[in-house]
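The values are calculated or read from the model by the stated rules, or taken from the named source; none is laboratory data. As the structure is a prediction and not an experimental result, all values here were calculated from the model. Reconstructed Cβ throughout: ideal geometry from the backbone, glycine too, with neighbour counts over all protein chains shown.
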Ligand code: 5GP
Ligand code: MG
């Protein structure tokens, strides 16, 4: 998962700090690596590294990146692609027509095949990142197309999967959303400055007004002539906006395709209250992403909402740690229970999702230690039964607890009195009025694009190949 951000200013100004605040507001979308690239008169300077935005950038680095007319930024999380500086984005490439930098949110399902095709033509890759692959594809297309935007449009015929892109050439900022619209991308404006961002909360952070969502398949080009929209890939067909964007990824203060994320989550909680009524004394939301749905549950059920947990604000996500042991140890540092809220009471605990079941087991234990009499766990997402190939690092099937256990078995395993999940048919309730269809592949196993049958094996092969190359290079 990633956050992308781009800005075009008609006059040269301090864009590095503008992008800094933009990706800072998108930090929830990726905490492993980040980067900023600034274009000053066709010369691109960039800085990227492993770490959180405020660790990678300081005043000096931002000053060194300096002023420009166009700039883009990125923050990234991936379980699959190891966080290294080589894999970090934006990807800057030099080609015969100048420099280009690109940042992406999503995942290609034809990456191994595309990489192989390009390698047969002599391309050399430095990373496993899909963004380098897309940049290379665009560069190849640029050789037979009259403009960068024509090259982008031609490249899109060769890309399969989820991609929201921001990229810049010497004179243009370009935003792209894949034809199915898996990942969000929005446009904002402030005094003639155009801004592209994964979420509207990043527009707020830089004082830009929300203009609109970029449409699935749309290419927007911003240059000295203003903003143009290219619609060759915009179709009237089905879309596939990731349902998990509303359930978990996006920030509640963002508006995605006309729906405030906070309201979407509250509606999930309300649906849970109708499908899973429980006799209890208090409803608790697991910070951060369980809180909104818990409020919706409380409102609909009439059971009071209680502040049950305090989360340490100064710690990164425990999920950042890929190592299971380390992750378990850190839950307690991160989250504590307000004992007076739970002692002797029947508690409903709402979280956004149960994936491996590790987090929920830990929190149930904390509630027991604090004296909860009954603990009923509800997930505002349906059971995760399938991997995601479109940018959400949902584990391989063996790690998904719902693949192995029924809800009552999960309850026994984690020490809860009951466990319930949102019903599959209630997912759409969260986005009443959303103009796009949702991708619910992780729940249903029905994917909006045909997954190449050998994709997992090909990905592993490439991971080995590049893992080896990286350690040789280091
Ligand atoms: P698990 O059941 O795997 O132990 O953890 C589920 C918890 O992880 C939920 O509280 C949910 O908020 C969080 N979670 C689910 N998916 C992701 C993800 O892709 N990235 C991160 N950082 N957290 C996730
Ligand atoms: Mg959580």
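Restricting region 328-345 to residues that are crowded, with 17+ Cβ neighbours inside 10 Å and away from ligand 2 (no atom under 11 Å from the Cβ), the residue that is nearest to residue 287 (Cα to Cα) is 337. Of the residues making up region 266-286, those that are farther than 12 Å from residue 426 by Cα and within 15 Å of ligand 1 (Cβ to nearest atom) number 3. Remark: pairs (first residue in region 284-309, within 8 Å of residue 350 (Cβ to Cβ); second residue more than 16 Å from ligand 2 (Cβ to nearest atom) and assigned to a loop (DSSP other than H, G, I, E, B); Cβ separation under 6 Å; 6+ apart in sequence or on different chains) = 284/306.
Test residue 437 against the stated conditions and say whether it is away from ligand 2 (no atom under 16 Å from the Cβ) and not assigned by TED's automatic domain parsing to the domain that holds residue 266.
Values: away from ligand 2 (no atom under 16 Å from the Cβ): yes; not assigned by TED's automatic domain parsing to the domain that holds residue 266: no.
Spelling it out, it is not the case that residue 437 is away from ligand 2 (no atom under 16 Å from the Cβ) and not assigned by TED's automatic domain parsing to the domain that holds residue 266.
Going by the structure shown, is residue 269 within 16 Å of ligand 2 (Cβ to nearest atom), closer than 22 Å to residue 434 by Cβ and in the same structural domain as residue 340 (by TED's automatic domain parsing)? Yes, satisfied. Of the residues 183, 158, 171, 228, which is touching a strand residue (DSSP E or B) at 6+ places or on another chain (Cβ under 6 Å), over 24 Å from residue 46 (Cα atoms) and surrounded by fewer than 24 Cβ atoms within 10 Å (Cβ to Cβ)? From the options 183, 158, 171, 228, the qualifying one is 228. Selection of region 184-209 for residues being within 13 Å of the chain's Cα centre (by Cα) and closer than 16 Å to residue 220 by Cα yields 184, 185, 197, 198.
Set side by side, the residues 133, 120 differ, and just one is free of Cβ contacts under 8 Å to residues at least 12 places away in the same chain and closer than 19 Å to residue 462 by Cα, which is 120.
Of the residues 256, 211, 278, only one is more than 22 Å from residue 444 (Cα to Cα) and not assigned by TED's automatic domain parsing to the domain that holds residue 427; which? First the steps, then the outcome.
Details: 256 fails: not assigned by TED's automatic domain parsing to the domain that holds residue 427; 278 fails: not assigned by TED's automatic domain parsing to the domain that holds residue 427.
Exactly one residue qualifies, and that residue is 211.
At least 3 residues being surrounded by fewer than 16 Cβ atoms within 10 Å (Cβ to Cβ) is the threshold, and among the helices (runs of 4 or more DSSP H) wholly inside region 48-127 those reaching it are 59-65, 111-120. Residues in region 133-148 that are out of contact with any helix residue (DSSP H, G or I) (no Cβ under 8 Å at 6 or more places or on another chain) and crowded, with 22+ Cβ neighbours inside 10 Å: 135 alone.
The rows are residues; the columns are (1) away from ligand 1 (no atom under 13 Å from the Cβ); (2) free of Cβ contacts under 8 Å to residues at least 24 places away in the same chain; (3) closer than 30 Å to residue 257 by Cβ; (4) crowded, with 20+ Cβ neighbours inside 10 Å.
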position	(1), (2), (3), (4)
347	yes, no, no, yes
358	no, no, no, no
419	no, no, no, yes
430	yes, no, yes, yes
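For region 349-381, filtered to residues that are assigned to a strand (DSSP E or B) and more than 16 Å from ligand 2 (Cβ to nearest atom), the residue that is farthest from residue 421 (Cα to Cα) is 374. For residue 216, are the conditions met, namely being in contact (Cβ under 8 Å) with a residue 12 or more places away in the chain and crowded, with 24+ Cβ neighbours inside 10 Å? Yes; evaluated as a whole, the condition is true for this residue. Please work out which one of (1) at pLDDT 70 or above; (2) over 19 Å from residue 393 (Cα atoms) is the condition residue 329 fails and give its number. Exception for residue 329: condition (1).
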